[in-house]
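Data block below; observations after.
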Amino acid sequence: DVKVTQSSRYLVKRTGEKVFLECVQDMDHENMFWYRQDPGLGLRLIYFSYDVKMKEKGDIPEGYSVSREKKERFSLILESASTNQTSMYLCASSGRDRDYQPQHFGDGTRLSIL
Amino acid sequence: QQQVKQSPQSLIVQKGGIPIINCAYENTAFDYFPWYQQFPGKGPALLIAIRPDVSEKKEGRFTISFNKSAKQFSLHIMDSQPGDSATYFCAARVRGNFNKFYFGSGTKLNVKP
């Protein structure tokens, strides 16, 4: 079974702090994704990566950055946290596009910015 | 602009009923349509998926119906149980785009005993 592990289930930070969310997958997947989930809005893509050191913006990248130094690890960075970034953050990974691979999700990090 | 429109937002059925969740899309480049189930405190988990070359796929009590000409697909849950109470998301992806998926806004299902 694919396992996507997010380092924290709950996190409370203060406005202006730099926040790191970590995600590790154990399936040697090429693609990794960061979403935020808000009630009524579904899953919105923040950033994704298709290879080590490669990244692409998603639909809502403002205020975020990412890092992928190793294939199995994908980090989301809130450069200067703000209250409107309070949300559930989900990491996902998947194999190659050509193989009809679904995305596999971690259990999320619920982040509160005070 | 929502690429995949999902309805209803919430649904209440009695045990044994057949809840139906609908999704619609416009982009004809979509080529793979999974459904995910999410329980509180957990991430979405793949439930069932379909490609547009088939009109129906069944896995246990879960069925996807796909209407390519109408650009619609739906999830049916046969003999629903209280344990099926969860949020369900449909999704769609464009081939050749790094396996990016577009998700519906979710349907919260409550199956009453």
On the given criteria, is B:Lys71 among the basic types (Lys, Arg) and more than 10 Å from every other protein chain (Cβ to nearest Cβ)?
yes
It is to be established whether one or more residues within the stretch A:49-61 are under 26 Å from A:Leu114 (Cα atoms), of a type in the set (Phe, Trp, Tyr) and either open to solvent by less than 40 Å² (accessible area, probe 1.4 Å) or at pLDDT below 95 (or both). no
All-but-one check, A:Asp51 against (1) under 18 Å from B:Lys100 (Cα atoms); (2) within 12 Å of the chain's Cα centre (by Cα); (3) without any contact (Cβ under 8 Å) to a residue 60 or more places away in the chain, failing number (2)
Only one of (1) more than 12 Å from chain A (Cβ to nearest Cβ); (2) open to solvent by less than 50 Å² (accessible area, probe 1.4 Å); (3) touching a residue at least 40 places away in the same chain (Cβ under 8 Å) does not apply to B:Ile20, and that is (2)
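Residues are listed down the side, and each one gets a yes or a no for (1) of a type in the set (Asp, Glu); (2) not in a strand (DSSP E or B):
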residue: B:Cys23; (1), (2): no, no
residue: B:Asp31; (1), (2): yes, no
residue: B:Ala49; (1), (2): no, no
residue: B:Val54; (1), (2): no, yes
residue: B:Ala70; (1), (2): no, yes
residue: B:Phe73; (1), (2): no, no
residue: B:His76; (1), (2): no, no
Taking the stretch B:94-113 and the residues there that are at the interface with chain A (Cβ under 8 Å from one of its Cβ atoms) and part of a strand (DSSP E or B), the one that is nearest to the chain's Cα centre (by Cα) would be B:Phe103
Matching residues in the stretch B:32-69 (more than 15 Å from the chain's Cα centre (by Cα) and buried (at least 16 other Cβ atoms within 10 Å of the Cβ)) number 1
Discussion item. It is to be established whether one or more residues within the stretch B:74-82 are at pLDDT 95 or above, crowded, with 16+ Cβ neighbours inside 10 Å and farther than 25 Å from A:Gln37 by Cα.
Written reply: yes
Turns out the strands (runs of 3 or more DSSP E) fully within chain A with at least 2 residues that are facing another protein chain (nearest Cβ under 9 Å) are A:4-6, A:31-38, A:42-51, A:87-94
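The values are calculated or read from the model by the stated rules, or taken from the named source; none is laboratory data. The structure presented is a predicted model; accordingly, all values stated were derived computationally and were not measured. Cβ: placed from backbone, ideal geometry, glycine included. Neighbour counts: every protein chain shown. Note: accessible area is taken over every heavy atom of the protein model, side chains too, but ligands, DNA and RNA are not part of it. Shrake-Rupley method; radii C 1.70, N 1.55, O 1.52, S 1.80 Å.
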